[in-house]
Amino acid sequence: MIKSNTAKIITFFLLSLGIFSCQMPPDRTLTSADGTDGNWLLHGLNYAETRFSPLTQIDSSNIDNLGLDWKLDLGMKRGIEATPIVKDGIMYLTGPWSVVFAVDLSTHQLLWQFDPDVPKSFGEKGCCDVVNRGVALYDGKIYVGAFDGRLIALDAQTGEKIWETLTVDQSKPYTITGAPRVVNGKVIIGNGGAEFGVRGYFSAYDAQTGEQAWRFYTVPGNPAEPFENEVMEMAADTWTGEWWTYGGGGTAWDAMAYDPELNLLYVGTGNGSPWDRTKRSPGGGDNLFLSSILAINPDTGEMVWHYQTTPGDSWDFTATQHIVLADLLIKGKQRKVLMQAPKNGFFYVLDRTNGELISAEKFTYVNWADSVDLKTGRPVETQWARYDQANVDIAPNYDGAHNWQPMAFNPELGYVFIPARETFSNYGQDSTWKYNEEGFGTGVGWNLAIGSLESKPTIVDEKGTKQGKLIAWDPVNQKEVWSVEQNNIWNGGLLATASNLIFQGTADGRLTAYNAVSGELIWETELYTGIMAPPITYLVDGVQYLSVITGWGGGYGMKNKHTDVVLPGTLYTFKIGGDAELPQKPIALARDLINPDWEVDPNSIAMGETLYNQYCGTCHVVAETGGGVAPDLGYSIMVGNQAFEEVVLNGMLLPNGMPQFDDRLTKKEVEQIQHFIINRVMQIGK
């Protein structure tokens, strides 16, 4: 009897540790996630966010036989940026308006769909479309950040809501587009909104109850009120003026990674609000913690170290781009490193134990800074970088040398693969700027990147390309191994595999595969819809599959498209020997520039342009690209007709996400906007 009781006690103890359990405890499951079991359990596949799959069934010897196996039309025509999560044959993904889908990968059928019913009026609070980058999976629950600021937990089997908590003040222009991360039983989520004037932060919530565990603000608030902690008090010393009036910015809207051994959560922060430092912090200063990488204790929310990539950011050079963790042999010493290729064009290698800068080199063309000083960790800015004396062509621009699209790291080759781009824009301080609580840039128009000083633009050199680049980068020697030039700058995120393949979707609607060693394009297929989301790979019944979601949109895609027609988002799944029918090229309808029977009032054009920049220019263009998700108003038959007023003032297209402006615009002002549009079309047509 004693022996039996002892055995029961031991068995209970071992079960509590998960040793005899058929399933590991949820935290250990995530800690050990690496794709070897055929699942894709975390946003970046693993906590290090390498996006490197160990699966090798698909390789260069058989990739010619890679074909479409099945597809699922999601029926949503806006931008899709999600990385799916796959566990035991079920895929979880998100679409526009934070809608969650669960798909049975054996039957290819939709198991359930959850719509958080985000009010369509919230669409105008986002700078860059109503996108969502995915969910987190933990202990039988799916977590999604809704566009309107709610964090929601769903039953993974049924899609029924378990709990939800509001993470933002909805009276302010906060949004959530990033994927949550789960660390030590806590769901971590940030938010966006710096373009519209908010104070950035990220928060941790109990995964079981939704109760807030801690919150970390990325910029200080009003010094007249008590600072949340000593870190915020220290950060306030790097600001001047009344920055809190404008929000400050620094939103943590995407990049996160986690080191279980060090128990450190790494978070990238965003740009200032407004962009130009002379407006938000007129006395200068580094403006901590804008454009920074923060190392946080995930149990307490306390900061352990920080590194600022762009002190006193004035260019929208966010550090919210993908963070990758690795162990590298550098100068004969094994280093635990953190790697990032943020917007500003420098590739950073940091010691992730303490934030020490190991190296930083340009990975695309950069002219705002000559180098990064390894002693101080600060960029060596060019004398005209702050565009305070003249309009200046700055490279890269606000689209960045690399944006949110994830890179990938192959630890066997030692290469980081970057979906990069060469960009530039003409920056200038806006002498007419005044604070505006509503609208992009918390002022009139863009306020910069428009060359708004009266002096002629200063062309700093003849480098004027705008193109995409796929780069293989050696982070130890900080140099390019190979690169592929691409016609478009807004191509999708990357997937690396142990068979030395790199997969990427493109803005012009192709899914491509490259040899990771040489950069040779070895396979591609036409899907005819722009791809922003990164591909993933996984096993179902022992067979390797490759999936990618099409769906054009996002900040760039709202105005621009690189395929003939913008089609609804679709989940495409490939395998070796797949023989399903590929999509056919859609037929684009011919369109002409508008020709309203209007006599343009010269006195209305200037005011119309100001109003257009403030309320329309974030999503629309006029007689430029033909438009992306949002139509080019130069081709809109509503301009010059009563329908334009019905849309703008009366909300006729509010169900589609087109804002209703009757609380901000008068009929006279709507007419002035049309005068500007029609005049622009007339000028183009000459």
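General remarks:
- Summing charges over all other residues whose Cβ lies under 15 Å from the Cβ of Q208, with Lys and Arg as +1 and Asp and Glu as -1, gives -3.
- Cα-based reach from K466 at 13 Å (exclusive), listing aspartates and glutamates while leaving out same-chain residues under 8 positions away: D393, D399, E422, E485
- Spin-label proximity, L328 to region 38-60 - amide N less than 17 Å from point 7 Å beyond Cα toward beta carbon: 48-52
- Of the GluC sites (Glu not before Pro) found in region 474-582, those that fall in a DSSP loop while having at most 14 other beta-carbon atoms within 10 Å are E520, E581.
- Working from label points 7 Å from Cα in the Cα-to-Cβ sense, the E233 to L111 distance is 5.0 nm.
- Counting neighbouring beta carbons within 10 Å and listing from fewest to most, the residues R51, R510 come out as R510, R51.
- Cα-centre dipole for the chain with unit charges at Cβ (Lys and Arg positive, Asp and Glu negative), debye to 20: 780
- From its DSSP helices (H runs of at least four residues, each -39,500 (n - 2.57)), the chain gives a residue-normalised ellipticity at 222 nm of -3000 deg cm²/dmol.
- Using a Förster distance of 41 Å, the FRET efficiency for D64-D351 (Cβ separation, nearest 0.05): 0.40
- Principal-axis analysis of the Cα atoms of the chain puts helix 667-685 at an angle of about 90° to the longest axis.
- Contour minus Cα-Cα distance for K585 and D388 (0.36 nm per residue): 66.1 nm
- A simple spin-label model places pseudo-atoms 7 Å from Cα toward Cβ; at I450 and E242 they are separated by 2.4 nm.
- Extension gain from I684 to V517, taking 0.36 nm per residue of separation minus the Cα-Cα distance: 55.5 nm
- F52 sits among other residues whose Cβ lies under 11 Å from its own Cβ, and their net charge, with Lys and Arg +1 and Asp and Glu -1, is -2.
- Rounded to the nearest 10 degrees, the inclination of helix 602-615 to the longest alpha-carbon principal axis of the chain is 10 degrees.
- R0 of 22 Å, Cβ-Cβ distance D564-V484: FRET efficiency to nearest 0.05: 0.40
- Structural descriptor for the chain: relative contact order 13 percent, calculated from alpha carbon pairs under 8 angstrom and at least 6 residues apart.
- Correct option for semi-axes √(5λ) of the Cα gyration tensor in Å [calculated from the coordinates] among (1) 39, 30, 26; (2) 42, 33, 23; (3) 44, 35, 30: (1)
- Extending 7 Å from the Cα toward the beta-carbon at both Q642 and N477 defines two label points whose distance is 7.1 nm.
- Dimensionless Rg over Rh [region 202-358; C-alpha; Kirkwood]: 0.98
- Taking other C-beta atoms within 10 Å as the exposure proxy, C619, C127 rank C127, C619 from fewest upward.
- Taking 30 Å as the straight-line reach from the Cα of K71, the lysines in range (excluding those fewer than 8 positions away in the same chain) are K87, K120, K141, K161, K469, K559, K561, K575, K585.
- Take 67-79, 336-348, 669-681 and order them by the average number of nearby Cβ atoms within 10 Å per residue, most first; the result is 336-348, 669-681, 67-79.
- Once the Cα atoms are used to define both axes, helix 2-17 deviates from the longest principal axis of the chain by about 20 degrees.
- Full-stretch length increase - E437, N650 - with 0.36 nm per residue and alpha-carbon distance subtracted: 74.5 nm
- The mean sequence distance of close C-alpha pairs (under 8 Å, at least 6 residues apart), as a share of the length of region 515-670, puts its relative contact order at 19 percent.
- Cβ-derived FRET efficiency at R0 22 Å, E624 paired with E462, nearest 0.05: 0.40
- Largest first and in whole Å, the equivalent-ellipsoid semi-axes of region 80-135 read 25, 11, 7, each the square root of five times a Cα gyration tensor eigenvalue.
Rule-based calculations on the coordinates, nothing more; no lab input. What you see is a predicted model, and the numbers here were worked out from it, not measured in a lab. Positions of Cβ are generated from backbone atoms using ideal geometry, with glycine treated the same way; all protein chains shown enter the neighbour counts.
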